[in-house]
Every structure is written in C-alpha cells, then in structure tokens.
Amino acid sequence: MTSGNHCWLVAISVLAACSSSSGDPAAHGKVVLVDRGSQALLASQLLSVNGTYGAGCRERTGDWSAAIAIGATRDFDELSVVLNDTTCVLTLTELHTMGGGRIVAAPAITLTTSYQATPSSFLVPVEFYANARLSAVDFASDFVLNILYSDDPRLAAADVVASFAVAESSVTAAAVPAPNYTLDVTGLSVLTDVNDIIQSVTGSIGLTAGSVTGQRYVVLNGSGLILYEDVDAAYLAAASSALMGSIPAADFAASLLTVDLTGAPTVRTLIIANTVEGVASYQVFAITFHEPA
C-alpha cells in the first residue's frame with residue numbers, strides 16, 4: 001500500500017424520522033462524505049458500513065447497514081433506531097469497499113460519542129485503520145456516525161482536545177487608554193493526536209467589548225511582553241488585522257499545526273491596539289496551550 005500520513009473522515013448522517021414496520025418512529029441512514037486525502041484506499045472506494053444491534057435495542061436485532069456511496073447496495077437492512085431508544089447500543093463490524101468486499105474490523109467498534117483510544121485494523125485484503133463515533137446516543141433526533149480512516153494507524157487514533165489558559169495584561173501610552181475586552185476561548189478547539197501533536201485548530205476566540213475598544217490586533221508566537229516599548233515594537237513589526245468582534249482560529253492555526261505539546265506547553269500572544277492620532281495603547285493576552293489531561 002502507498003505510504004504517507006493522510007487521513008479521511010466519513011460522516012454518516014442518520015436522518016429523517018419515518019415510520020417503521022411496527023409503527024414506531026425511527027431514524028434512517030443517509031451518508032455525507034468528506035475526502036481529506038488521496039491514497040491507495042480512496043473515499044470513493046468505501047461503499048457501505050455494516051454493524052450489529054445490541055441486546056438492548058428496541059425492535060431491532062441482528063445486522064444493519066448504512067450506505068456511504070450513493071446508490072450502493074447494502075449488505076443488510078438499512079440502519080434505523082427507534083427514536084429515544086437510549087438503551088440501544090450500535091457496533092460497527094465491517095466496511096464494504098469497492099474491489100475488497102466486506103472487510104472485518106479487528107476489533108469491532110462499540111459506538112459511543114467518543115472515538116476509541118486506538119483504531120481498529122482492516123487487514124484483508126487492503127490494510128488500513130479506522131475509528132468511529134456517534135454524535136449522540138440518546139437517539140432523540142437526527143444523529144451522525146463519523147468514521148475516521150487512514151493508512152497510518154496514528155492518524156486514525158482518537159483526537160483529543162488540548163487545554164489552554166489565558167493571562168491578561170495591558171500597557172498604556174499617555175492619554176490613550178488601553179482596550180479592556182473580555183476574552184472567551186470556549187469557541188476555540190485544538191485537537192491533538194495520541195502523541196499530543198496538534199492536528200487541527202478550529203472555531204474562534206470571542207471578544208466582549210468593555211468601555212475601551214480597539215481597532216486592530218496581531219497574534220504572535222511566544223510570550224514575555226511586559227514593557228510598553230516591547231509590546232509596541234512587537235505589534236508594529238507584525239502584520240495587523242482589523243478587529244471584527246472575534247479572533248478566527250486561522251490566526252493561530254499556521255503556527256500551531258504539528259506543534260508537539262508533550263510536556264512542553266506553547267504560548268501565543270494576542271495584542272489588541274487602541275490607536276488615537278498615531279499613539280497606541282495595548283491589551284495583551286498570553287494564551288498557553290497544554291497537552292490534554
């Protein structure tokens with residue numbers, strides 16, 4: 001198989017409450033596919049996913065299938081779960097690929113709202129690795145089955161969320177007040193692989209304006225900016241962006257992707273400037289990213 005560190009995500013949406021043969025409302029499967037790479041096993045070669053219903057599933061027993069490719073023939077009856085059946089446990093047992101047929105998961109994946117700590121292998125006749133999770137297990141509404149797969153088992157391992165802390169300060173030029181925003185980092189998501197290496201940075205940092213607002217900002221590597229002249233010099237040396245009410249993840253992603261957080265947190269500094277007639281005062285946030293607990 002072609003080597004390389006690539007991974008893909010298959011999102012299987014289980015949608016649309018319908019009537020089952022028993023008359024109880026049920027959710028039926030529809031597939032949404034996102035292709036993140038190009039390796040020996042392509043997203044287009046995944047036809048369907050198979051699994052089993054647990055003993056606690058109401059009016060459901062045996063095997064189920066959910067199509068991935070449009071028009072794919074399922075091996076078993078379509079996946080459906082009686083609405084609000086919180087005792088139903090689904091298990092992923094196989095992936096059906098083009099040319100490879102039904103490839104068994106070793107081990108089978110019990111589906112919860114989290115990826116398993118280690119991926120399952122699919123070894124015959126094509127070697128690849130996969131992991132899976134559900135968006136919800138109460139089956140109270142539409143839910144999504146996400147399948148992450150790769151030729152590299154490290155990239156199919158469970159993503160984990162890095163933690164981060166924020167320290168705030170401000171430096172003021174004479175007669176120009178410093179901005180006094182409140183920072184909300186709950187909208188920023190930083191995911192690492194099992195080796196604590198950052199794989200993705202998404203979302204945004206929210207800002208709530210205080211009595212003094214700013215006009216532009218920069219995000220810098222590192223920390224330790226305390227004196228006004230140091231903050232001012234760092235800000236002026238960087239390319240600033242207009243402040244629009246939040247700080248997008250893209251401002252952090254370029255410098256955080258592939259950073260190893262193992263035992264060594266990394267810091268990024270956000271500087272917000274209030275400039276009046278060419279004189280600026282600054283609010284400074286040092287945001288520290290830690291390895292997952």
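Data for the structure
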{"read-out": "Enumeration of residues in the range 80-96 that are among the hydroxyl-bearing types (S, T, Y) and touching a strand residue (DSSP E or B) at 6+ places or on another chain (Cβ under 6 Å)", "value": "S80, T91, T93"}
{"read-out": "The range 281-293, residues that are closer than 21 Å to T208 by Cβ and among the small types (G, A, S)", "value": "S281, A286"}
{"read-out": "Check on N146, closer than 27 Å to I198 by Cα, crowded, with 21+ Cβ neighbours inside 10 Å and in contact with a strand residue (DSSP E or B) (Cβ under 6 Å, 6 or more places away or on another chain)", "value": "no"}
{"read-out": "The range 242-274, residues that are farther than 17 Å from I205 by Cα and in contact with a Gly (Cβ under 8 Å, 6 or more places away or on another chain)", "value": "N274"}
{"read-out": "Strands (runs of 3 or more DSSP E) (entirely within the range 50-129) containing at least 2 residues that are without any contact (Cβ under 8 Å) to a residue 24 or more places away in the chain", "value": "101-110"}
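Bear in mind that the values in this text are calculations on the coordinates, not laboratory data. Keep in mind it's a predicted model, so treat the numbers as computed, not measured. No Cβ is skipped: glycine too gets one built from the backbone with ideal geometry, and neighbour counts run over all protein chains shown.
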